[in-house]
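To start, I am sharing the structure in question, which I have written as structure tokens.
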Amino acid sequence: MFNGISIQQFNKFFKTEDDCKQYLFDQKWTDGYKCRRCGFTKSHKGKTSFHLRCQACHYDESVTANTVFHKLKIPLLKAFGMSFRIAVKKKGMSTTELAREFSINQKSSWLFKRKAQESMKSSGNYPLDGKVEVDELLIGGSEKDKRGRNKGEKKLVVIAVEKVKDNKIGRAYAQVIEQASAECFKPFFEEHIDSDNAKVVTDGWRGYWPLESEFEIRQKPSRGGKSFPGLHAVIMNLKGWLRGIHHHCSARFINGYLDEFFFRFNRRNFLPSIWHKLIERFMTNQPYSYKANAT
Ligand SMILES: [Zn+2]
């Protein structure tokens, strides 16, 4: 596993296409081989040294087959470099920055970034527990649109933040919702908050009331966010980041940007493994096809 955190370390480790293929090979078959077609567990060398062929059905699988790296239109070395920047740089990389740095066109950069965001989506396997604060925020549109929970042109986002020892912020998740109603909060709560172990705190909004049958919820007045300083620091941080990339971020894809932001945020104390984690996701996510004109 590569656990460097600087571009210099990265460039030293990955110099050629084969270096990348070897890394993927180790990642893919490190726990043993299993034929995707028939399930047999013995293989021999396939078409190239980065393929394995099933000894029973002779299915020949390349190291990139059934991964996000399959049939990428850019060299693997560039895809590795791009994913490294996206994962490790504190603010990530915009599609324009990626296109410029890796000398690829805007369309390829946009497509790769979408695939990365898709892979950065939470697995939902580790819901927040302990003390969890929940609030909503509005993003996009202009500031003067904001009138209470009336969202105008803006998108409404629900956010949940875990408080850990010494009142510090642990992990957090956020997602676009249609409206601030229990019906819209529910799927987000169920995916990201542990109903058995979390003690949820929200402001006094009545939209949270129906969830009390499933979650332990305590409400307190928000006082303009002053009652939830940690949560509001995360919100300001997220808003600042989104503003910085705003003209690249259409409303339709805001969830992708939220996934990207919180993938990095939730791993901010585990930087040496964050890129490897993204590669792991790339290896298990099926290639997803986007229409580049869908912005
Ligand atoms: Zn087979």
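Only the coordinates and a few stated rules stand behind these numbers; no lab work does. Worth saying up front: this structure is predicted, and the values here are computed from it rather than measured. Reconstructed Cβ throughout: ideal geometry from the backbone, glycine too, with neighbour counts over all protein chains shown.
Using the 10 angstrom Cβ neighbour count as an exposure proxy, how do TYR173, TYR33 rank, fewest first?
Result, fewest neighbours first: TYR33, TYR173.
Still on this model: With n ≥ 4 as the cut-off for DSSP H runs, can you work out [θ] at 222 nm for the chain, using -39500 (n - 2.57) per run divided by the number of residues, rounded to the nearest 500?
Rounded to the nearest 500, the figure is -11000 deg cm²/dmol.
Rg(Cα) of the chain divided by 2.2 N^0.38 Å?
Dividing the Cα radius of gyration by 2.2 N^0.38 Å gives 1.13.
Continuing with the same structure: Using the number of other C-beta atoms within 10 angstrom as an exposure proxy, rank MET93, MET1 with the fewest first.
If I rank by nearby Cβ atoms, fewest first, I get MET1, MET93.
I'd like the orientation of helix 229-244 relative to the chain: the angle between its Cα long axis and the longest Cα principal axis, in ° from 0 to 90, rounded to 10.
Roughly 60 degrees between the two axes.
Kindly express, to the nearest 10 degrees and within the range 0 to 90, the angle between helix 182-192's C-alpha long axis and the longest C-alpha principal axis of the chain.
The helix 182-192 is inclined about 40 degrees to the chain.
Can you tell me which lysines have their Cα less than 16 Å from the Cα of LYS239? Leave out same-chain residues fewer than eight positions away.
LYS90, LYS91, LYS144, LYS146, LYS151, LYS154, LYS155
Excluding ASP194 itself, what net charge comes from residues whose Cβ is under 12 Å from its Cβ, given Lys and Arg +1 and Asp and Glu -1?
-4
While we're looking at this one, here's another question. Take the alpha-carbon centre of the stretch 76-116, take the same for the stretch 200-271, and report the distance between them in whole Å.
26 Å
Using square roots of five times the C-alpha gyration tensor eigenvalues, list the equivalent-ellipsoid semi-axes of the stretch 32-169 in whole Å, biggest first.
For the stretch 32-169, the ellipsoid semi-axes come out as 41, 23, 14 Å.
To the nearest 0.05, how large is the calculated FRET efficiency for HIS70 and SER123 if R₀ is 25 Å and r is the Cβ-Cβ distance?
0.75
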